[in-house]
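Participant: Sending over a structure as structure tokens; questions will come in a sec.
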Amino acid sequence: MILYNVTTSLDPEIEDQWVSFMRDTHIPEVMATGFFIKSQLCRLLNEEDNGITYAAQYYCVSLGQLEEYQEVAAPSLRAEVEKHFAGRYASFRTMLEVVE
């Protein structure tokens, strides 16, 4: 199992709007691509300097599947986020192997 984690730090003024967009639009669109089997949105609790950071997490069955998502679907989905929130957030992405 592969966990694709997108960590995003937000301008505090857009938090409510961004969370709504993620819940109502972006995450459902990512899941509709068919590359992932589960998702969740988490808020970091141990922030410094009153920062606001979230982690959107998506689970898929293989690294190959994640790589295909990144090539086929991710560019247009990222562009849509940028269209709504340009310059008001910063994201970084990590790929993790789930070890149980």
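The values are calculated or read from the model by the stated rules, or taken from the named source; none is laboratory data. Keep in mind the model is a prediction, meaning the values are calculated, not measured. Methodologically, a virtual Cβ is constructed for each residue, glycine included, from the backbone with ideal geometry; neighbour enumeration extends over all protein chains shown. These accessible areas exclude ligands, DNA and RNA; they are computed on the full protein's heavy atoms, side chains included. Shrake-Rupley method; radii C 1.70, N 1.55, O 1.52, S 1.80 Å.
Participant: Per-residue HN-Hα couplings for segment 35-46, Karplus 6.51 cos²θ - 1.76 cosθ + 1.60 at θ = phi - 60°, whole Hz, x for Gly and Pro?
Facilitator: Whole-Hz 3J(HN,Hα) from phi for segment 35-46: 7, 10, 10, 7, 9, 7, 10, 10, 10, 5, 9, 9.
Participant: Would you kindly find the accessible area of ILE2, with a 1.4 Å probe and non-protein molecules such as ligands, DNA and RNA excluded, rounding to the nearest 10 Å²?
Facilitator: 20 Å²
Participant: Okay, moving on. Taking the Cα centre of segment 23-74 as origin, work out the dipole magnitude from +1 charges on Lys and Arg Cβ and -1 charges on Asp and Glu Cβ, in debye rounded to 20. Walk me through the numbers before you get to the answer.
Facilitator: Values: 3 positive and 8 negative charges, 54 e Å.
Roughly 260 debye, rounded to the nearest 20.
Participant: Next question, about the same structure. Can you give the accessible area per residue of the chain, in Å², using a 1.4 Å probe? List each step's numbers first, then the result.
Facilitator: On the way: 6120 Å² over 100 residues.
Result: 61 Å² of accessible area for each residue.
Participant: Another question, if that's okay. At a 1.4 Å probe, what is the % contribution of carbon and sulfur to the accessible area of the chain?
Facilitator: On the way: 2980 of 6120 Å².
Result for the chain: 49 percent of the exposed heavy-atom area is carbon or sulfur.
Participant: Which value, in debye to the nearest 20, describes the size of the charge dipole of the chain about its Cα centre when Lys and Arg Cβ atoms bear +1, Asp and Glu Cβ atoms bear -1, and nothing else is charged?
Facilitator: Working: 7 positive and 16 negative charges, 41 e Å.
Roughly 200 debye, rounded to the nearest 20.
Participant: Report ³J(HN,Hα) in whole Hz for each residue of segment 72-77, in order, from the Karplus equation J = 6.51 cos²θ - 1.76 cosθ + 1.60 where θ = phi - 60°; Gly and Pro get x.
Facilitator: Per-residue couplings from phi come out as 8, 10, 4, x, 6, 5 Hz.
Participant: Counting other Cβ atoms within 10 Å, keep those with at most 12, restrict to DSSP loop, and tell me which GluC sites (Glu not before Pro) in segment 38-84 are left. Could the numbers behind the result be given before it?
Facilitator: Working: sites: GLU47, GLU48, GLU67, GLU68, GLU71, GLU80, GLU82; in loops: GLU47, GLU48.
The qualifying sites are GLU47, GLU48.
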